[in-house]
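Only one structure is covered here, and it is reproduced in the block below.
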Amino acid sequence: MAGVTAMTVQLNRMDRVSPWGFRLQGGRDFRMALSVKKVEPRSPADGQLHSGDAILAIDGYDASQMTHAQAQQMIRNSGNTLQLTVNKGLFQSLKPTGPIKFSPAAAYGYSHGHSTF
C-alpha cells in the first residue's frame with residue numbers, strides 16, 4: 001500500500017491502575033489484524049493513537065500472529081510504558097450492520113474481538 005509507513009509510539013501512564021485509553025480489536029483468532037478501534041479523549045493514547053491504526057508490534061514483539069488474548073496480556077503486562085509500532089489509519093473500525101442472530105463468542109462468554117485498555 002503506497003504511502004503507508006510504520007511508526008513507533010510510546011504511551012506513558014502514572015500507575016498500572018490508570019487505563020491506556022484505547023480499544024483494541026482483532027487478532028489471529030478473529031481472522032483480522034490487530035488494530036485500534038477507539039481512543040478516549042484525555043488519555044495516554046490520545047494524540048498518539050487513532051481509530052484505524054494497525055498494530056504491528058507490542059513492546060517490540062511482532063503482533064501479526066497474536067491472538068486477541070495474547071495482545072491483551074502483553075498490553076496488561078507492559079507496566080507504565082507501552083511501546084506500539086503502528087501503521088497509521090490502515091483499518092476502519094468494524095460496526096455491526098444488522099441484528100446478531102447468534103454469536104458463539106457470546107454463548108461462551110468471550111468478547112467480540114474488542115478490549116478496552
Among residues belonging to region 1-60 that are of a type in the set (Gly, Ala, Ser) and not in a loop (DSSP other than H, G, I, E, B), point out the one that is nearest to the chain's Cα centre (by Cα). Ser35
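Kindly indicate which of Ala107, Ala69, Ala45 is aliphatic (A, V, I, L, M), modelled with pLDDT under 95 and out of contact with any helix residue (DSSP H, G or I) (no Cβ under 6 Å at 6 or more places or on another chain). Talk me through it step by step, then tell me what you get.
On the way: Ala69 fails: modelled with pLDDT under 95; Ala45 fails: modelled with pLDDT under 95.
Unique residue meeting the criteria: Ala107.
If you go through region 75-88 one residue at a time, how many are closer than 9 Å to Asp59 by Cβ and more than 11 Å from the chain's Cα centre (by Cα)?
Taking region 75-88 and keeping what is closer than 9 Å to Asp59 by Cβ, we get 75, 77-78, 81-84.
With more than 11 Å from the chain's Cα centre (by Cα) added as a condition, the list becomes 77-78, 81-83.
Number satisfying all stated conditions: 5.
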What are the residue pairs meeting all of these: first residue in region 51-74, first residue under 10 Å from Gln25 (Cα atoms), second residue modelled with pLDDT of 95 or more and acidic (Asp, Glu), Cβ atoms under 7 Å, and 6 or more apart or on different chains? His68/Asp29
Residue that is surrounded by the fewest Cβ atoms within 10 Å (Cβ to Cβ) [pool: residues in region 28-80 that are under 18 Å from Leu90 (Cβ atoms) and among the basic types (Lys, Arg)]: Arg31
Residues of region 10-27 satisfying the condition of being within 18 Å of Thr116 (Cβ to Cβ) and either in contact with a strand residue (DSSP E or B) (Cβ under 9 Å, 6 or more places away or on another chain) or crowded, with 17+ Cβ neighbours inside 10 Å (or both): Leu11, Arg13, Pro19, Trp20, Gly21, Phe22, Arg23, Leu24, Gln25, Gly26, Gly27
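The values are calculated or read from the model by the stated rules, or taken from the named source; none is laboratory data. This one's a predicted model, so the numbers in the text were calculated from it and none came from an experiment. Reconstructed Cβ throughout: ideal geometry from the backbone, glycine too, with neighbour counts over all protein chains shown.
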